[in-house]
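Heads up: the structure comes next, in structure tokens.
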Amino acid sequence: MHQAIDRLGTGAGGTRNIAGTTHEHVLLEQSLAALHGKQAALVFTSGYVANETSLATLGKMMPNCVIFSDALNHNSMIAGIRNSGAEKHVFRHNDPADLEAKLKQVDPKRPKLIAFESVYSMDGDISPIAEFCDLADRYGAFTYLDEVHAVGMYGRRGGGVAQERGIEHRLHLIQGTLGKAFGMVGGYIAGSAAMVDFVRSNAPGFIFTTALPPVIAAGARASINHLMNSEAERQAQRDRVAVVKQRLAAVGLPLLDSESHIVPVMIGDASLAKQVTDLLLERHDIYVQPINYPTVPRARSAFASPPARCIRMR
Ligand SMILES: Cc1ncc(COP(=O)(O)O)c(C=O)c1O
């Protein structure tokens, strides 16, 4: 990052297509494509923008397209799908049978896209990616997977859950963030050269905004390349998560039995969730965030935090 700032300055100075693309952006996109074993990648100013503008573009530009969306998809995907104007079918969370029932109802000739996440950040559960890919094959649909809560943390090179399960080649587009495990800011999609080029050429959220600062692109690339070659952080995180889960369970706290690194403790009441987290901080120097409406429905208030963030304050 120091070298990039010396060579290229702070901001990108323009949109990607008008002077905003530097060598750092090109190298970052190459690293992201390599991370996911894809032909190409495209960087956006956030993961939110990546989802919103990619899904809006795909849904709008593929004539007569139908989008199938998991009921618990992130707001950025919902916004993109809504803005695409495409016909939308919401299937029950992580439920292949319901997805299949909805796919069956649509004319086989229409272009279809299935949009879902790998790790769902509020409950910490993981989607049945292979089953969804099987259905996509059977019904001729594209697959779009949000790996925001998995990149850097899962898979032998940090490519996410699809990589960990050896099926990343079955996803047409993988979306991720540079803002969580990679410690920067920004978002991206990775996929075939043709699909990435299609989004690059048509997505307003890519075309009409100042490019990510090259210094951020350089930092993200360093971070990605490090995590592609080091398993130590992933192992340390798994160890830490196991201890947190085991200790919470040992004292009888109602933690959700998640398969991921996310450890939600359900409180079920917004003001109680706040009281619990205040008390943890005041009495025990433990800082965790309450998760309340509108992030989750009111009845699902919790405290949930990746253990990396459960830091002791003093
Ligand atoms: C599942 C999911 N997708 C996308 C995003 C947006 O990513 P970013 O924070 O990089 O905008 C988030 C939240 O951060 C998220 O939880």
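The values are calculated or read from the model by the stated rules, or taken from the named source; none is laboratory data. Bear in mind that the values here come from a model prediction, so they are computed numbers and not experimental data. All Cβ positions, glycine included, derive from the backbone under ideal geometry; neighbour counts span all protein chains shown. Ligands, DNA and RNA are excluded from the accessible area calculation, which covers all protein heavy atoms including side chains. Shrake-Rupley method; radii C 1.70, N 1.55, O 1.52, S 1.80 Å.
A few notes on this one:
- Extension reserve of the L279-R156 stretch, reckoned as 0.36 nm per residue once the Cα distance is removed: 40.4 nm
- The listed peptides 52-65, 278-291, ordered by packing as a protection proxy, come out as 52-65, 278-291 (highest mean of other Cβ atoms within 10 Å first).
- Gyration tensor (alpha-carbon) shape descriptor, the range 47-120, a/c threshold 1.5: oblate
- Pairs of lysine residues in the chain - Cα separation under 20 Å, sequence separation of 8 or more or cross-chain: 9
- Applying 1/(1 + (r/R0)^6) with r as the Cβ-Cβ distance of E259 and I286 and R0 = 25 angstrom yields a FRET efficiency of 0.55.
- Net length gained if the chain between A299 and E100 were fully extended (0.36 nm per residue, minus Cα distance): 68.7 nm
- Antiparallel %, DSSP beta bridges [both residues in the chain], to 5: 55
- The modelled label-to-label distance for the pair N64/V26, using points 7 Å beyond Cα in the direction of Cβ, is 4.1 nm.
- Take each peptide in 143-155, 1-13, 18-30, count the other Cβ atoms within 10 Å of every residue, and average; sorted highest first, the result is 143-155, 18-30, 1-13.
- Solvent-accessible heavy-atom area per residue, rounded to whole Å², over the chain at 1.4 Å: 46
- R240-V90 pseudo-label distance in nm [points 7 Å out on the Cα-to-Cβ vector]: 3.4
- By the Cα gyration tensor, the chain has an equivalent ellipsoid whose semi-axes, rounded to whole angstrom, run 31, 27, 18 from largest to smallest.
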